[in-house]
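The values are calculated or read from the model by the stated rules, or taken from the named source; none is laboratory data. Nothing here was measured: the structure is a model prediction, and the numbers come from that model. When we count neighbours, we look across all protein chains shown, and the Cβ atoms used for this are built from the backbone with ideal geometry, even at glycine. Each accessible area value is taken on the protein alone, full model and side chains, heavy atoms only, with ligands, DNA and RNA left out. Shrake-Rupley method; radii C 1.70, N 1.55, O 1.52, S 1.80 Å.
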Amino acid sequence: MTTSLPSTYIEQMRTLLGQDAERFLLSYDEPRTQGLRINPLKTEIGSVLTAELRKMFDLEPVPWCSTGFYYGDHRPGRHPYHAAGLYYMQEPSAMSAVEMLDPQPGEVVLDLAAAPGGKSSHIAGKMQGQGLLIANEIHPARAKILAENIERMGVSNAVVTNATPDELAARFPSFFDRIMLDAPCSGEGMFRKDPNAFQEWSEDHVVMCAARQWDILEQAVKMLKPGGTLAYSTCTFNRQENELTIERLLAAFPAFTLVGTERIWPHDHRGEGHFVAVLRAAAGEGGAREPQAAGAAHGRRKAERAPRGKGQPAAPAAAGMAQFLAWAREELPGFAPGQGDALLFGEALYGLPQVGGSSLSAAQLSGLRIPRAGLHHGTIRKNRIEPASACAGARCEPCVGAARL
Ligand code: SAM
């Protein structure tokens, strides 16, 4: 395969790797690695079901992710257990980013470039249904796939948004305890997995990717709470998009410190290429967001226009939720109601996740495109409830518990 790689790319890798370059280039003749992550929201690592999955698919543990496994010569993506959300198909190296971000139950977390949902579902598994995850994707079609995957994985505490980073930053200043930015990149680490990926590669494309990554990072910084943690990851080897972007961030925002970086190399590890950097913002007023010098980073933006009202908060939604809960007491024993606000989008009833003592408010979301406003409970038609399957998959103990065996 090396013969079909762009010669400028090969030269770049020779300069980057020196005497390791030949070993690296030989790794292109090895088969790509394939993995899946067990979903702790639906089953546990020590469960009978997980033991069964390990046998069925010849699973072997991924060293850097306790729920991650390599699989053998099988097609787990076609099995009904995949449709049931018992696991998520994910390239093993990509599992390192959320392990390094280390989100905790009860926190407020943003996955800023989230589709199709590998990192979001990993984060949700670690949060165990407690706290708030906002999973955002800029492209509408991909945001829809993200929402479907969030539902398949039984996540009850995620809101899926379809916004630009600027739109979110205007709405959620200093809001998140942790932010995952799995940035769009030149994808050098994926050339073995997808030989067509290098068709798009060029030195100019790398420059464009680095500029875009910087634009997104500037917005991410605004949304991090003082003392918060930011994980930046790419699936490229390129220093311009990795270390140099992080150096630029540290220079522009002195309140950040670098907690650590990790690179996964296909010639040293069993995985495709990946880069992760974890940064922490200083605790204290405004720490994370103040740039070093005017013009070095972002300028202050004008206030957003008044939000357009899309979700209907308050009375009709609360009445809809009361109607749903009365139905669930009779028909869905074991359903655990959430504590967050109810929202109605037309006839669709959602329950917003709760954050600390208070719920994410409908006003905070109003005017954003939201493919999934928390847990879809059902559709309210006149006086009839049509329950959504998402509820059984996420909050109904008898349904979820059956998979824990
Ligand atoms: N985190 C995802 C996962 O683990 O499944 C993969 C994310 S992928 C590497 C990068 C994402 O960034 C893509 O879904 C892409 O649509 C999105 N993206 C592209 N341009 C963007 C931009 N300017 N701002 C934010 N996101 C962007």
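How big is the shadow of the Cα convex hull of the stretch 75-196, averaged over all directions, in nm²?
The Cα convex hull of the stretch 75-196, projected and averaged over all directions, gives 8.0 nm².
Accessible area of the stretch 110-269 with a 1.4 Å probe: how many percent of it is carbon plus sulfur?
51 percent
With every protein chain kept in place and ligands, DNA and RNA left out, what is the accessible area per residue of the chain? Probe 1.4 Å, answer in Å².
With the other protein chains kept in place, the chain gives 43 Å² per residue.
Please sort through the DSSP H helices of the chain and keep those with an alpha-carbon extent of at least 30 Å along the long axis and a Kyte-Doolittle average not below -1.0.
203-223
For the stretch 6-153, what proportion of DSSP beta bridges, expressed in % and rounded to the nearest 5, is antiparallel?
Bridges in the stretch 6-153 are about 70 percent antiparallel.
Rounded to the nearest 500 deg cm²/dmol, what is the calculated helix-only ellipticity per residue at 222 nm for the chain, with -39500 (n - 2.57) per DSSP H run of length n ≥ 4?
-9500 deg cm²/dmol
How high is the FRET efficiency between S202 and R329 when r is their beta carbon distance and R₀ equals 56 Å, given to the nearest 0.05?
0.40
So if we plug the beta-carbon distance of R23 and Q339 into 1/(1 + (r/R0)^6) with R0 = 51 Å, what FRET efficiency do we get, rounded to 0.05?
That gives a FRET efficiency of 0.40.
As a test of the definition: which semi-axes, in Å, follow for the chain when you take the square root of five times each eigenvalue of its alpha carbon gyration tensor? Largest first, please.
The three semi-axes for the chain are 36, 28, 17 Å.
Given a 10 angstrom Cα cut-off, can you work out which residue in L365, L344, L25 is the most mobile in a GNM of the chain?
Fluctuation is largest for L25.
I'd like the FRET efficiency for E243 and D58, computed as 1/(1 + (r/R0)^6) with the beta carbon distance as r and R0 of 56 Å, rounded to 0.05.
That pair, E243 with D58, gives E of 0.95.
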